[in-house]
Amino acid sequence: MTTPVKVAIFASGNGSNAENIANYFMNNNSILIDSFYTNKADAFVIERAKNLGIHCSFYSNPDFREGSSVITELKERGIDFIILAGFLLKIPMNIIKEFPNKIMNIHPALLPKFGGKGMYGDRVHIAVKEAGGKESGITIHYVNEHFDEGKHIFQAKCEVLAADSPDDIAEKVHKLEYKYYPEIIEKVLL
């Protein structure tokens, strides 16, 4: 039997995508969701990790930005790949260098539109609405040293109607995230 690919998920908030991914791989012998990491001491993702029986580590923003203690733990746990699921800090270069082309993110819009520093969560959906966008969606991409500029792996679109509120757009985008992110992770890792 081959050793499974060990994955760490980084999340800053609610953790619904992290939980969705963990549940998707729950009985997968090839991919193991080993641990969650967060930069918010009160993030609900910590509670989700407890409920799932998954190890969760908290590191402060300065510790994440400096990166070495995070790298040490990732190496000790034998992590092969990192998935960002609503993680709001820029990944520092030392972590990127330690995991080249092994860090994946999902963005709640069709990059390169509506990406970059400060474009996350509801801000993205509000920007799509204000711009009169006819479509939105998700972009799954590798992480590099710039916000939302890594090589694209996959995109999926949804229609944005004139009557849609930012919340309506968010709901459509979340459905795409829950459906496609675990599937694309599986394709990339296997």
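Assorted remarks:
- Any hit, region 126-133, residues being buried (at least 19 other Cβ atoms within 10 Å of the Cβ), in contact with a helix residue (DSSP H, G or I) (Cβ under 7 Å, 6 or more places away or on another chain) and either assigned to a strand (DSSP E or B) or aliphatic (A, V, I, L, M) (or both): yes
- For the criterion of being of a type in the set (A, V, I, L, M, F, W, C), modelled with pLDDT under 95 and surrounded by 14 or more Cβ atoms within 10 Å (Cβ to Cβ), Phe147 passes.
- Test: Glu47 is over 22 Å from Gly121 (Cβ atoms) and surrounded by fewer than 19 Cβ atoms within 10 Å (Cβ to Cβ): no
- Pair list, Cβ < 9 Å and 6+ apart or interchain, from region 4-27 residues that are more than 9 Å from Pro182 (Cα to Cα) to residues that are among the basic types (Lys, Arg) and part of a helix (DSSP H, G or I): Ala11/Arg48; Asn14/Arg48; Gly15/Arg48; Ser16/Arg48; Ala18/Arg48; Glu19/Arg48
- Being within 30 Å of Arg65 (Cβ to Cβ) and assigned to a strand (DSSP E or B) is a property that does not hold for Ile185.
The values are calculated or read from the model by the stated rules, or taken from the named source; none is laboratory data. What you are looking at is a predicted structure, and each value in this text was computed from that prediction instead of being measured. Don't worry about glycine lacking a Cβ; one is built from the backbone with ideal geometry, like all the others, and counts go over all protein chains shown.
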